[in-house]
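This report concerns only the one structure given below.
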Amino acid sequence: MRALSLGLLVVWAALGAGCGTSAAARLRSAEQDNRLLTEEQQQLDKALQSVSRYTEGLRSPGKAGRSFSMYYSPAALEQMAAQLLPMRMPARTFDQRLLGEVVIERISDVRFGPLNTLTCRAELRGDNIRYNGSVPKAYQAEVRKFQSGVAAGVVADLVVELSMGSDNALMARAHASRTKLKAHSSSQSEGMLRNALNERVLRLPFTFDLTLPSGGAPRGMVLTANHLVVTYAP
Amino acid sequence: MNMSRWCWLPVLALCAAGCASSRSGARASSGSATERRANELEARNAELRAELERKRAELQQSYQVMAQAESAAGLNNLACAGVAPASAQVPGLPQSGAVHARFQLRGQPYSMTATFSAPRKAGEWRVSQGTCRVVGP
């Protein structure tokens with residue numbers, strides 16, 4: 001009987017809590033959605049303004065006034081990326097239990113797409129990668145395969161969303177859509193690598209401050225099929 | 001003991017029914033202020049989602065329009081170039097050797113510098129071909 005009353009109390013408390021917080025939880029969730037949607041709307045408004053200003057400017061250069069634009073092709077971005085590479089980072093950036101280094105060797109296949117989104121391919125390789133966690137005997141062969149697979153190289157397909165942030169900054173949010181091991185390909189290992197890339201390495205956007213030394217500030221950014229265009233107002 | 005086990009069923013049913021009726025009751029009469037605010041925000045969010053969908057479609061369409069406008073203006077295959085209207089001289093721009101982007105990678109500062117050659121005319125535009133160089137720490 002005592003157990004029954006105790007059980008009833010627990011059920012009552014649980015259901016009570018569920019009923020009582022439902023409106024507050026809905027409001028919290030709606031508020032969070034609203035913040036994200038409003039942010040996205042502001043970004044889209046900014047992007048649409050840049051597009052219409054750019055297209056109007058191209059059609060009637062007189063209206064472009066004293067503006068000035070920098071044009072970058074996909075090949076130019078690849079060349080600039082090549083100047084940064086190879087870039088080494090500790091493997092623990094991917095997973096705390098990994099020792100060694102990851103080397104980003106190449107960025108290629110840059111393509112500009114709609115919605116201010118570009119795609120590219122990154123080639124990475126593990127250097128002296130070791131898994132430092134405890135591994136049950138049955139999985140040790142798998143871990144060895146993973147280590148030599150990463151050492152042979154990884155190809156990651158990236159989707160990068162560009163937007164203008166505050167303070168004249170170009171923001172690039174990258175997301176790995178696919179990862180492929182060059183050797184010992186396994187969907188499980190490749191999925192783990194993709195998650196580690198997205199959740200840890202690419203979690204924060206890359207920020208490029210585009211303010212010119214003369215004080216010129218970027219007025220807009222557009223991504224067309226041929227160019228990334230940053231327009232400055234002197 | 002069997003009896004006590006069966007007691008749970010009606011109690012749970014009553015609790016669940018009570019909970020459901022209090023929710024629907026609250027919704028029907030717009031209940032508490034929290035509930036009312038949540039309903040308003042959810043409706044506003046649905047409107048925002050529809051608006052975003054429309055704007056995304058507009059931006060998607062503009063992708064082709066911009067490429068066509070670039071072709072018509074004679075601005076094709078510009079790798080790293082400064083472009084200004086031929087009619088309007090913009091003093092100091094493009095400034096050769098100026099830093100065009102600053103960024104950090106793994107906590108280290110980098111910058112991108114553009115060096116321009118003499119401008120050429122392309123239709124109604126003045127194109128200064130540049131060389132973009134990234135400099136690290």
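The values are calculated or read from the model by the stated rules, or taken from the named source; none is laboratory data. These numbers come from a predicted model, not from an experiment. In this analysis, Cβ positions are derived from the backbone assuming ideal geometry, glycine residues included, and neighbour counts consider all displayed protein chains. With ligands, DNA and RNA removed, areas are computed over all heavy atoms of the protein, side chains included. Shrake-Rupley method; radii C 1.70, N 1.55, O 1.52, S 1.80 Å.
Which pairs have Cβ atoms under 8 Å, sit 6 or more apart or on different chains, and link a residue in segment A:59-84 that is more than 7 Å from chain B (Cβ to nearest Cβ) to one that is in a helix (DSSP H, G or I)?
A:Lys63/A:Glu56; A:Lys63/A:Gly57; A:Ser67/A:Gly57
Look through B:Phe103, B:Phe116 and report the one residue that is buried (at least 18 other Cβ atoms within 10 Å of the Cβ), free of Cβ contacts under 8 Å to residues at least 12 places away in the same chain and touching a strand residue (DSSP E or B) at 6+ places or on another chain (Cβ under 7 Å).
B:Phe103
Does B:Pro91 fit the bill of being at pLDDT below 90 and either open to solvent by less than 20 Å² (accessible area, probe 1.4 Å) or under 25 Å from A:Arg59 (Cα atoms) (or both)?
The answer is yes for B:Pro91.
Of the residues A:Asn195, A:Asn226, only one is closer than 30 Å to A:Gln147 by Cβ, out of contact with any Ser or Thr (no Cβ under 6 Å at 6 or more places or on another chain) and not basic (Lys, Arg); which?
Just a single option satisfies the conditions, and that option is A:Asn195.
Among (1) modelled with pLDDT under 55; (2) within 7 Å of another protein chain (Cβ to nearest Cβ), where does A:Thr55 come up short?
Failed condition: (1).
Checking B:Ala73 against (1) under 30 Å from A:Leu202 (Cα atoms); (2) in contact with a helix residue (DSSP H, G or I) (Cβ under 8 Å, 6 or more places away or on another chain); (3) among the small types (Gly, Ala, Ser), only one condition comes out false. Which one?
If we test B:Ala73 against (1) under 30 Å from A:Leu202 (Cα atoms); (2) in contact with a helix residue (DSSP H, G or I) (Cβ under 8 Å, 6 or more places away or on another chain); (3) among the small types (Gly, Ala, Ser), just (1) comes out false.
Under the condition of being within 8 Å of chain B (Cβ to nearest Cβ) and assigned to a strand (DSSP E or B), which residue from segment A:209-222 is farthest from B:Ala79 (Cα to Cα)?
A:Asp209
I'd like the residue in segment A:160-182 that is open to solvent by 50 Å² or more (accessible area, probe 1.4 Å) and in a strand (DSSP E or B) and, out of all such residues, is nearest to A:Leu124 (Cα to Cα).
Result: A:Lys180.
What tally of residues in segment B:30-75 results from selecting those that are more than 7 Å from chain A (Cβ to nearest Cβ), over 16 Å from A:Thr117 (Cα atoms) and among the polar types (S, T, N, Q)?
Final tally of qualifying residues: 4.
Please note which strands (runs of 3 or more DSSP E) are completely contained in segment A:40-153 and include at least 2 residues that are buried (at least 17 other Cβ atoms within 10 Å of the Cβ). Even if it seems obvious, please write down each step before you answer.
On the way: elements: A:68-72, A:87-90, A:98-113, A:117-131.
Output list reads A:68-72, A:98-113, A:117-131.
Return the total of residues in segment B:105-122 being more than 8 Å from chain A (Cβ to nearest Cβ) and on the phi > 0 side of the Ramachandran plot.
1
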